[in-house]
Amino acid sequence: MSPMLQATEKIWMNGAFVKWDDARVHVLTHSLHYGTGVFEGIRCYKADAGSAVFRLSEHVNRLFESAHILQMEMPFARKAVSEAILETIRVNKIEACYIRPLAYISYGAMGIFPKENPVHLSIAVWPWGSYLGEEGLKNGIRVKISSFSRPHVNSTMVRSKTTANYANSLLAKREALKNGYDEAMLLDGDGYVAEGSGENVFIVRKGVIKTPPLTSILEGITRETVMQLAAERGLRVVEERFTRDELYIADEAFFTGTAAEITPIREVDDRKIGAGKPGPVTMQLQGAFFDSVHGRDKRHADWLTFINAGK
Ligand code: PPE
C-alpha cells in the first residue's frame, strides 16, 4: 500500500503560497462537516521532453463542472486555476507528482445551508507512486464485489467529484482490504458493475472491450483516454452495462484512473480472470497509456502541458 504522504514545500491557498505545515483551515469549515468539497486528481509526469501535466484542461473543466453541479461559485477562472497548478509544481521544484486541487465551502455560517460562506480553493502536489502497488500494476490485483453499492443516480450526483461521494468509496475500500483483497468493485443501484472505489473499470471478452456507461460512475479522464487509445489501435470499445457474472467470465479486466493508471485485475471474488494474469489487450493499452503520458505518442502531444514551456 501507499506509504505515508511525502510533504513538499508549498501549497497554493486561495491565490497565495503558504508553507506545507501552515496550510490549515478552521474546524468549522462547512465542507468538513457536510462533504461539500469538490476536487481533482491530476498527474504530472516526467516526460521525455520535460515535466508535463497530463490532460490539464480536461481536469480543470471537470473541477468546474463538479462545482457547477453543487452550485458552488468558483473564486477563480479556469485559466487562473490552470496557471496556479503549473506554478505550484514549479515552486515545489518537483519533476513528477500527483496534483490535488480542492474547492471547499469555507468558514462562516453553520448549518447545511452555507449562506454567504466563501468558496476557497487549494492546490497541493506531492510525489505519489503506483496507487495499487508496483506489483499490482505489473501482475494485476485481486478485487472483491462490494456489499456497498454506488449511490442511486438521483442521490449524490456522482458525475461531480464531490468529497461526500468518497464516504461511499471508503466503506467499500475498507471492507475489501479487511477481507484481504486489494480493491473493491461497486455495483450500481440496479446491480450492474459500476466502478472501483477510485477507478473506472473495463473488461475484454471475445475481442470486445466493454466499460459501463456514464450513469452511476465518475466520468473518468483515464477512461476516455483508454477509449481513444483503443479505437486508434482498431480495438472495439462499447459502453454497455454488464453484470458481475459477466465480469467473472471476462478474458481480461482492468481498472483505470489518474492514481491507479491502468491496473490489471487478475481475480474477482476468488475467481481467476482469464489466465489469472494481465492479458494482451490490457498490456497493450497500459503500454499505450504510458507512452502517451511520457510524450512518445505524437498524435496526442496536446494531452501534455509542459510546466516550463516557453521559459
Ligand atoms: N471513479 C472514481 C470514483 C474515482 O475517484 C476516480 C479517480 C476515477 C473513477 C477515475 O477518474 P480519472 O482519474 O479521471 O481517470 N480517483 C482519484 C482519487 C483517488 C484517491 O484515492 O484520492 C484519482 O485517481 O486521482
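The values are calculated or read from the model by the stated rules, or taken from the named source; none is laboratory data. For clarity, every value in this text was computed on a predicted model and none was experimentally measured. Virtual Cβ from ideal backbone geometry, glycine too; neighbours counted across all protein chains shown. Remember, those area values only see protein heavy atoms, side chains included, never the ligands or the DNA or RNA. Shrake-Rupley method; radii C 1.70, N 1.55, O 1.52, S 1.80 Å.
For the stretch 155-311, what is the accessible area per residue in Å² when the probe is 1.4 Å? Provide the component values of the computation, followed by the final result.
Details: 6610 Å² over 157 residues.
Accessible surface, normalised per residue, equals 42 Å².
In the chain, the longest principal axis of the Cα atoms and the axis of helix 78-91 are about 90 degrees apart. In the chain, the portion of solvent-accessible area held by carbon and sulfur atoms comes to 53 percent [1.4 Å probe, whole percent, DNA, RNA and ligands not counted]. The trypsin sites (Lys or Arg not before Pro) of the stretch 114-187 that meet both conditions, a loop assignment by DSSP and at most 10 other Cβ atoms within 10 Å of the site Cβ, are LYS115.
The C-alpha atoms of the stretch 46-139 occupy a region whose extents along the principal axes are 47, 30, 22 Å, arranged from largest to smallest. Taking the longest Cα principal axis of the chain as reference, the axis of helix 280-293 is set at about 20 degrees. Per residue, the stretch 12-96 exposes 49 Å² of accessible surface when a 1.4 Å probe is rolled over the protein heavy atoms with every protein chain present. A DSSP coil position with no more than 11 other Cβ atoms inside 10 Å describes the following trypsin sites (Lys or Arg not before Pro) in the stretch 205-285: LYS206, ARG233. The trypsin sites (Lys or Arg not before Pro) of the stretch 1-30 that DSSP puts in a loop, and whose beta carbon has at most 12 other beta carbons within 10 Å, are ARG24. Between GLN286, GLN71, GLN228, the Gaussian network model of the chain with springs among Cα atoms under 10 angstrom shows the greatest mean-square fluctuation at GLN71. To the nearest 10 degrees, how steep is helix 221-232 against the longest Cα principal axis of the chain, on a 0 to 90 scale? It works out to around 40 degrees. Of all aspartates and glutamates in the structure, the ones whose alpha carbon falls short of 18 Å from that of LYS178, not counting any fewer than 8 places away in one chain, are GLU267, ASP269, ASP270.
Each Lys and Arg adds +1 at its Cβ and each Asp and Glu adds -1 at its Cβ; summed about the Cα centre, the chain shows a dipole of about 240 debye.
Across the stretch 57-176, how many lysine pairs, 8 or more apart or on two chains, come within less than 30 Å at their alpha-carbon atoms? Eligible lysine pairs with Cα atoms under 30 Å apart amount to 11.
Where the eigenvalues come from the Cα gyration tensor of the stretch 189-311, what are the semi-axes √(5λ) of the equivalent ellipsoid, largest first, in whole Å? Walk me through the numbers on the way to the answer.
On the way: eigenvalues 144, 49, 33 Å².
Semi-axes, largest first: 27, 16, 13 Å.
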